[in-house]
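Working notes, structure below.
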Amino acid sequence: MAFAAFATQAAPVEAAPRRRSRMALFLLLPGILYLVLFFLTPLISLLLTSLQAPREFGDIGQYDYAFNWQNYVTVIDDYLPHILRSFGYALAATVFALLFSYPLAYFIGVKARRWPLLQSLMLVLVIAPFFISFLLRTLAWKQILSDESVVITSLKALSLLAPDAHFTGTPVAVIFGLTYNFIPFMTLPLYSALERLDTRYLEAGSDLYAGPFTVFRKVTVPLSMPGIVAGTLLTFIPAAGDYINASRDFLGGPDTQMMGNVIEANFLVLLNYPAAAALSIILMAVILIMVSIYVKRSGTEDLL
Amino acid sequence: MSGEAQAGAVVGGLVETEQRPTPPRPRRTRVTLGSWLLPLYVILAFIFLLIPIIYTFVFSFNDSIKSNIAWRGFTLDKWLNVCAVQNGAVCEAFGNSMLIGVVATVIATTLGTMIAIALVRYRFKARSAISLLLFLPMATPEVVLGAGLAAQFLAVGVPKDMITIIIAHTMFCISFVVVTVKARVASLDPALEEAGRDLYGAPQQVFWRITFPLLLPGVLAAALLSFALSFDDFIITNFNSGSVMTFPKYVYVSASRGIPAEANVVASAVFILALVIVVAAQVSSAARAKRLARR
């Protein structure tokens, strides 16, 4: 559904095409030029930066254009755990967000159809986390689940948690934070797919003696596939590049640093621009490859 | 990203519940597990989603001294004197974020609306290349967008300041505006504009008197969405802001030494304002739908 927005060629009105094409150019040119200048060229700039070599006798942060592809070997060598962690955490967060959101979206989109007011109220509640600062809501979780907090101390008192266990600073906390923060991105596309689900198909399924689980597996899930694909992509992509949740001051610790954290550190602190650029290119390339394979395999190519 | 686009639609009150033919009543009433388990789950899920929001709001009333971690008692002081802390650092950051948000929103909404109209109304070459160019910024992780722009500013030798932040924010907002407005343009009946032309309306008149008013709900939804995206953006800002403080950056920088309760005040106020706007938009769109249904 996400990408269908661009793909659907809503039958252009065909009238006097010659005279109109100048108008189309006038409408498109400023915006497209802007994106070429500030989106496309930066990507090329990033690619060139990733191949730079340090200037001879230069200061820290001084680099010359070169074809220094060893940068990629170096960053993979240095940061392989971070790279694997990024995609692992993002994958886990995507799965949890899907499991969390599907029943929620099903209720809003299918069960609550008879009450439009309740439906729109629930949609507002789903996007409510968007309205409070991303950083503050992540910090709120850090404080709610810190070692001294009521939640953790009472879990320990009930022996549900080992006395020396921590929550913040662990991979579990980072995955938890990523899941929480991207739940609305998962719920909304699922909702819009399920909202269009014709419940008569479900009835037909049970009339043909399928149990509730079979109906769900064979009818509901395939019909909501566009929502599942859009939602998982919308969760996975930002989660893989996120570095707030994994940051030491937020939910992460020294052993949970993701690619975003090392890109930030290399670019803004160590001034090692080529390393940061090479890592960014790797992140983007892996995401594009994974997305295209995933979209192909889930049989929803028309989405892109 | 339709998630964001839909968020924009909800914000703009565009999500109107469709009028469907009432489905025939199910023949048998089965007591399924879902009949009580699912509503219970939904209630718990909403509580879970709201916990950090409530926490942030409650701690904006905390009588804290420096860091806002332990509860020390209720006070209205932080709400009344938001700008008092750290010589008004919170308010300065908030002001910068507002300014950046407004300017980036105006530019992105203008450029994006023009593209959306062109995409729906005109046939032209390179359509798929343009669609890809509009889609890619939404499929690129923010850290790559931020590092890319920063690398370009570095290569060209542009110092980072307020302008570079506005450039960055406009860039990532355009695509979201296009998605949101496009839906509205597609649902617009071209016959209305034809009628305007038949009545000897000049092209500008037809646009400003007919097309634009009809597009306005979509444009407003897109503008609200852009503003929300810009206001809450941290990652891209962090790479392109130099020494300029925005509100999210202020929170990030202060996170290690404790965030004053005043930051919670600002976030809570923004939250309440956003909620009021969204509910008002929903109510007005519901009223509009009812009015149309009565005719």
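FYI, it's all coordinate maths here, none of it is from the lab. What you see is a predicted model; the values in this text were computed from it and never measured. Here Cβ is always computed from backbone atoms with ideal geometry, including for glycine, and neighbour counts include all displayed protein chains.
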* Hey, fewest Cβ within 10 Å first, where do B:E262, B:E194, A:E264 land in order? -> B:E194, A:E264, B:E262
* On each of the three principal axes of the Cα atoms of chain A, give max minus min coordinate, whole Å, ordered largest first. => 78, 77, 34
* Under 13 Å, Cβ to Cβ, from A:A275 - net charge with Lys/Arg +1 and Asp/Glu -1 -> -3
* Structure fact -> Gyration tensor on Cα atoms of the protein assembly as shown, a ≥ b ≥ c root eigenvalues, a/c under 1.5 rounded, else prolate if a/b beats b/c, else oblate, says rounded
* To do: Give the distance, in whole Å, between the Cα centre of the range B:223-250 and the Cα centre of the range A:186-217.
  => 40 Å
* Asked: What are the residues whose amide H is under 5 Å from the amide H of A:Y63, where those residues sit 5 or more places off or on another chain and H is modelled from the backbone?
  -> A:R55
* To do: Give a quick list of trypsin sites (Lys or Arg not before Pro) in the range B:84-138 that DSSP marks as loop, anything other than H, G, I, E or B, with at most 16 other Cβ atoms within 10 Å.
  => B:R123, B:K125
* Asked: Counting Lys +1, Arg +1, Asp -1, Glu -1, what net charge surrounds A:V262 among other residues with beta carbon under 11 Å of its beta carbon?
  -> -1
* To do: Would you compute, from DSSP H runs of 4+ residues alone, the mean residue ellipticity of the protein assembly as shown at 222 nm, taking -39500 (n - 2.57) per run and dividing by the full residue count, rounded to the nearest 500?
  => -21500 deg cm²/dmol
* Which distance in Å, rounded to a whole number, links the C-alpha centroids of the range A:112-128 and the range B:89-163? -> 31 Å
* Structure fact -> One quarter of the C-alpha convex hull surface, i.e. the mean projected area of the range B:191-243 in nm², amounts to 5.5 nm²
* To do: Jot down the per residue volume, in cubic angstrom and as a whole number, of the convex hull over the alpha-carbon atoms of chain B.
  => 221 Å³
* Asked: Remind me, relative contact order of the range B:138-243 in percent, using alpha carbon pairs under 8 angstrom and six or more residues apart?
  -> 53 percent
* Asked: Structure shown: which of B:K125/B:K182; B:K160/B:K249; B:K125/B:K160 lie over 25 Å apart, alpha-carbon to alpha-carbon?
  -> B:K125/B:K160
* Structure fact -> Its Cα gyration tensor gives the range A:81-151 an equivalent ellipsoid whose semi-axes in whole Å, largest first, are 29, 19, 12
* Structure fact -> Scoring only Lys, Arg, Asp and Glu (+1, +1, -1, -1) among other residues with Cβ under 11 Å from the Cβ of B:S254 yields +1
* With a 4.7 Å Cβ cut-off, tell me which Cys residues in the protein assembly as shown come up empty for a partner. => B:C173
* Asked: What would the Debye formula give as log10 I(q)/I(0) at q = 0.26 Å⁻¹ for the alpha-carbon point model of the range B:207-295, no solvent?
  -> -1.31
